[in-house]
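Below is one structure, written out as C-alpha cells; comments come after it.
The values are calculated or read from the model by the stated rules, or taken from the named source; none is laboratory data. Computed from a predicted structure; not experimentally measured. Neighbour counts run over all protein chains shown; Cβ positions are idealised from the backbone, glycine included.
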Amino acid sequence: MSGPEGLAFPMMNSKPVAPMKIYILTDLEGAAGVSRFSQTRDYRDEPDQKQEARELLTAEVNAAVEGILDVDPDAEVVVLDGHGNGGIDPRIFHPRAKLIAHGPIRPPYFLDETYDALLFVGQHAMAGTENAPLCHTYSSISVEFYKINGCLIGEFGARAILAGSFGVPTVFLAGDDKAADEARQMVPGIVTAVVKEGLGLDSIDALELVVAIEKVFNVIIEDEDVGKEAFGSIRILAGFIQKEFIGTAKNTIRAAG
C-alpha cells in the first residue's frame with residue numbers, strides 16, 4: 001500500500017491473498033478548514049458551523065477511503081467517528097466504507113487483531129502543544145495531560161498503543177502540522193499528510209479568555225506580541241497569568257500600604 005509521493009506505509013501486516021482490512025480513526029479538530037472550537041460543538045444558534053466542519057472531515061475521510069480502494073479494490077474499510085458529539089456526516093459518507101457512528105462505546109471501539117493497519121484522519125495534537133490548533137487530550141476542560149511511563153502522550157499515542165496491543169500497526173496520519181510532528185516522534189517512519197499549520201489557540205476562544213482573565217485576575221494584555229506568546233498553549237498561558245497575577249497583587253498591597 002502506497003502513501004503520498006509513492007511512500008510505502010511502514011510495518012504493514014503481510015496478507016498476500018486476503019483483501020486488506022483497514023481501520024480509520026477520525027476526529028474533527030484536525031480537519032482542514034476547522035480552526036475554531038465553535039466549529040466542533042453543537043450550538044443551537046450557530047448550527048451551520050458544525051455542519052460545515054463535518055462535511056470537511058467527511059470529504060477527507062472519503063479521500064482516504066478512495067486511496068485505499070485504489071490500491072486494493074476489495075479492501076474492507078471501517079471508519080470510527082471518534083469525535084465526541086459526532087464528526088462524520090453519514091449522508092455523504094463513502095458508500096464502500098463501513099461507519100461506526102459516535103456513541104456510548106468504549107475502547108477498543110471494535111478494533112482487534114483482524115485489522116491490517118490503523119489510520120488517523122482529522123487528528124489534532126495533544127493538550128499543551130505550543131501553537132497547535134484546537135489541541136487537547138480527550139477533554140479540553142478537565143484533562144491537562146496523559147503520561148505513560150513518564151512520557152507525555154495524546155489521543156494519537158493512546159490509540160496507537162491500543163492498536164499495537166493487538167499487533168495492528170499505525171501507518172498514517174492526516175491532521176495539523178503539530179499532530180504530524182507528534183506522530184513522527186512516536187511512530188518513526190509513519191506517513192503523514194499535513195492539511196493545515198497551527199498558529200496558536202482558537203482565536204475566538206482567545207478573545208473570550210482575554211476578557212475573562214482581565215475580569216477574574218485583573219491581568220490586562222495590551223501588547224499584541226505579549227498576547228501571541230502567552231496564548232501559545234494552555235500551559236504557557238497559565239504560567240503567564242500566575243506571574244502577572246502575583247505581580248499585580250504585590251503592587252496592590254504596596255499601594256494599600
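Can you find a residue in the range 37-57 that is in a loop (DSSP other than H, G, I, E, B), touching a helix residue (DSSP H, G or I) at 6+ places or on another chain (Cβ under 8 Å) and under 16 Å from PRO133 (Cα atoms)? Walk me through how you get there before you give the answer.
Within the range 37-57, the subset in a loop (DSSP other than H, G, I, E, B) is 40-46.
Those left that are additionally touching a helix residue (DSSP H, G or I) at 6+ places or on another chain (Cβ under 8 Å): 40-43, 46.
Cutting the leftovers down to under 16 Å from PRO133 (Cα atoms) gives us 40-41.
Yes, the range 37-57 contains a residue that is in a loop (DSSP other than H, G, I, E, B), touching a helix residue (DSSP H, G or I) at 6+ places or on another chain (Cβ under 8 Å) and under 16 Å from PRO133 (Cα atoms).
So which of LEU134, LEU99, LEU118 is within 19 Å of LEU57 (Cα to Cα) and in a loop (DSSP other than H, G, I, E, B)? Quick ask: steps written out before the conclusion?
Details: LEU99 fails: in a loop (DSSP other than H, G, I, E, B); LEU118 fails: in a loop (DSSP other than H, G, I, E, B).
Unique residue meeting the criteria: LEU134.
Hey, does the range 119-132 have a residue that's crowded, with 23+ Cβ neighbours inside 10 Å and either more than 16 Å from the chain's Cα centre (by Cα) or more than 14 Å from GLU29 (Cβ to Cβ) (or both)? Quick ask: steps written out before the conclusion?
As a first pass, look at the range 119-132 and keep what is crowded, with 23+ Cβ neighbours inside 10 Å: 119-126, 129, 132.
Next, from what is left, pick out any that are either more than 16 Å from the chain's Cα centre (by Cα) or more than 14 Å from GLU29 (Cβ to Cβ) (or both): 119.
Yes.
Tell me, please, whether a residue that is of a type outside the set (Asp, Glu), assigned to a strand (DSSP E or B), assigned by TED's automatic domain parsing to the domain that holds PRO108 and in contact (Cβ under 8 Å) with a residue 40 or more places away in the chain can be found in the range 158-170.
Step one: filter the range 158-170 for residues of a type outside the set (Asp, Glu), giving 158-170.
Next, only the ones that are assigned to a strand (DSSP E or B) stay: 170.
If we keep only those that are assigned by TED's automatic domain parsing to the domain that holds PRO108 too, we end up with 170.
So of that shortlist, the ones also in contact (Cβ under 8 Å) with a residue 40 or more places away in the chain come out as 170.
Within the range 158-170, one or more residues are of a type outside the set (Asp, Glu), assigned to a strand (DSSP E or B), assigned by TED's automatic domain parsing to the domain that holds PRO108 and in contact (Cβ under 8 Å) with a residue 40 or more places away in the chain.
Residues LEU56, LEU99: which one is more than 14 Å from the chain's Cα centre (by Cα) and either among the hydroxyl-bearing types (Ser, Thr, Tyr) or modelled with pLDDT of 95 or more (or both)?
Numbers: LEU56 fails: either among the hydroxyl-bearing types (Ser, Thr, Tyr) or modelled with pLDDT of 95 or more (or both).
Step by step, each of LEU56, LEU99 is checked, and only LEU99 is more than 14 Å from the chain's Cα centre (by Cα) and either among the hydroxyl-bearing types (Ser, Thr, Tyr) or modelled with pLDDT of 95 or more (or both).
Out of SER165, SER203, I need the residue that is of a type in the set (Gly, Ala, Ser) and either buried (at least 22 other Cβ atoms within 10 Å of the Cβ) or at pLDDT below 95 (or both). Which one? Step through it out loud before you land on a result.
Numbers: SER165 fails: either buried (at least 22 other Cβ atoms within 10 Å of the Cβ) or at pLDDT below 95 (or both).
Among SER165, SER203, only SER203 is of a type in the set (Gly, Ala, Ser) and either buried (at least 22 other Cβ atoms within 10 Å of the Cβ) or at pLDDT below 95 (or both).
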